[in-house]
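Below is one structure; the comments refer to it alone.
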Amino acid sequence: MNPTELLELSSANLARAIRAKKVTALAAMEAVLARADSVQKKLNCFVRIDSDEALAAARLADAELSRGVVRGPLHGVPMAHKDMYYREGVPSSCGSKIKRDMSAPSTSTALKRLDAAGAIQFGVLNMAEFAYGTTGHNYHIGHCRNPWNPDYITGGSSSGSGSAVAARASFAALGSDTGGSIRAPATFCGLSGIKPTWSRVSRYGAMPLSFSMDTIGPLTRSVEDCALIMGVIAGADPLDPTASQHPVPDYIARLAHPLKGMRIGTAKRYFYDAMDPEIEGLIRASLEEYAQLGAEIVEVDLPDMEPWSHAAVMIIAAEAAAAHANWLRTRPQDYSEQVRARLEIGLSVPATTYIESLRLRGVALQQFSKAVFGKVDMLHVPSVSFQTPTIAETDVGGGATMMNVMNNITRLTRPGNFLGLPCLSVPAGFAKNGMPTAMQLIGRPFDEATLFAAGHAYQQATGWHLKVPKL
């Protein structure tokens, strides 16, 4: 298998090939390191690449396999991750100037579980400063760029994760999602990405932004890869008391669940407001594909979601400002203008507004569940309502238009975070300008498995996820 063919494999297919000894972990690592080096100048998706350590780890993985030792379902698969997952003794910049030289005191649970499953981390990826940006701009490290067209945004805050995986410079990557930071890069970069149920994945050792909204999940080349990696990282963790004890199903085994008889909801309210006609056409076509596959399409009437979206903004703003209060007092000059401006807005959120926003969540989830899950198995909606903007168009700094840009990008993804529900972003085609877009599947709490089954069936029938950007 030549390097080009190897790099186009999904994580699941690469893991199978390594276990079958059709390709070595070393060959996979050499190919991905060469690719990462070749795209970095154009995309700026990496913060650091640890070539020597990664090559040594790949040789060890091959040696173990020769002795019949398979660490787990990701044995030998190279991955790089968003630079907010701590590894003991190693600095994690979190996309910032403030933390770039601070060594981590411990290793994140998500990284430990990937290590135990046999994945090999070879680098860390660019991200929005402190994960507080929706476009992919970073004024300390440099802006991350979209492999489909470097003039366009990747989406944030998991910008490097989206860019590197789409560019075939990493087989998969961890991101984080507080208001859409996995789903936005997945949408704009043509990837699959899962925001799991809140508490489904331990957040121990991951940089916090908004403790009641943060979630951890992967950006991948296929829904199958999402399912595979979620099966590794999900589950209870004694180091994170907020991590759920809810059992983790065999997501891979559940991929074969038939679509026939599955009820998929669609809703006009909120999600299709001011929709770009070309993007709407692609999303409607993806819904029609589900009908062709045997699913029953049911229109549902959603409650008014605007108050929920506003409440999500208030919660994130207040919790982020609280997390950064000390540095805002002592090191305000070390934040970029945009991030400092957003954090300072959070300092002015009244305690009553914050508490009322938190109290609304339970009521909102009850209302949404009754309207949606009382009728269907999942909701099918757009991830964004507009075409991918350029880096120049969204380079607004901390000016008056900043909040409009930030809020518009995550307008359709924020409700999922507010409600704590699992949301899967799946590529749904390309606009005439060659940029990808995506649909979003929203499911019941802890029912990621049904989303994976529906997303996988769609990908088996379409193949949008197999398209590769030409760099």
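Any read-out appearing in this document is the output of simple, stated calculations on the displayed coordinates, not a laboratory observation. Remember, predicted model here, so these are calculated numbers, not experimental data. Heads up, the Cβs are rebuilt from the backbone with ideal geometry, glycines too, and the neighbour counts pull from every protein chain shown.
Among F446, F373, L466, pick out the residue whose Cα is farthest towards the positive end of the charge dipole of the range 330-471, where Lys and Arg carry +1 and Asp and Glu carry -1 on C-beta, about the Cα centre. Value computed over the given set: F373. The local environment of E64, defined by Cβ-Cβ distances under 15 Å, has a net charge of +3 under the rule Lys, Arg +1 and Asp, Glu -1.
If I take R0 = 41 Å and measure r between the Cβ atoms of N13 and K375 in this structure, what FRET efficiency does the formula 1/(1 + (r/R0)^6) give, to the nearest 0.05?
Step by step, r from the Cβ atoms, then E = 0.65.
Within a straight-line Cα-Cα reach of under 17 Å, K470 can be paired with the following lysines, leaving aside sequence neighbours fewer than 8 residues apart in one chain: K41, K42, K432. Think of each Lys and Arg Cβ as +1 and each Asp and Glu Cβ as -1; about the Cα centre, that makes the dipole of the chain roughly 520 debye.
When T401, T187, T135, T197 are sorted by how many other C-beta atoms sit within 10 angstrom of their C-beta, beginning with the fewest, the order is T401, T197, T135, T187.
Relative to its residue count, the range 126-212 spans a Cα convex hull of 92 Å³ per residue. Can you give the FRET efficiency to the nearest 0.05 for T401 and T353, using r as the Cβ-Cβ distance and R₀ = 30 Å? Calculated transfer efficiency: 0.80.
Give me the compactness ratio for the range 242-387, meaning the Cα radius of gyration over 2.2 N^0.38 Å. Don't skip to the end; give the middle numbers.
Details: Rg = 20.2 Å, N = 146, 2.2 N^0.38 = 14.6 Å.
Normalised by 2.2 N^0.38 Å, the Cα Rg of the range 242-387 equals 1.38.
Using alpha-carbon positions, what is the distance between the centroids of the range 1-79 and the range 119-180, in Å? Each part reduced to its Cα centre gives a spacing of 20 Å.
Calculated from the alpha-carbon coordinates, the range 284-347 shows an Rg and a Dmax of 20.6, 59 Å respectively. On the beta carbon distance between Q460 and S103, with R0 = 60 Å, the FRET formula returns roughly 0.85. Annotation: the residues I98, I141, sorted from fewest to most other C-beta atoms within 10 Å of their own C-beta, follow the order I98, I141. Rounded to the nearest 5, the antiparallel percentage of DSSP beta bridges internal to the chain is 70%.
Both the radius of gyration and Dmax for the chain are 20.6, 61 Å, in that order, over alpha-carbon atoms.
Relative contact order, whole percent, for the chain stands at 17, derived from Cα pairs under 8 Å and 6 or more residues apart. The length gained by stretching the chain between H246 and K467 to full extension, at 0.36 nm per residue less their Cα-Cα distance, is 76.0 nm. The percentage of C-alpha pairs in the range 332-399 whose separation is greater than 16 Å is 72%.
Binning the alpha carbon pair distances of the range 392-471 at 10 angstrom intervals from zero yields the distribution 15, 33, 34, 17, 1, expressed in whole percent. Taking one quarter of the surface of the C-alpha convex hull of the range 1-84 gives a mean projected area of 5.7 nm². The gain in end-to-end length when the A20 to E64 segment is fully stretched comes to 14.5 nm, 0.36 nm per residue minus the alpha carbon separation.
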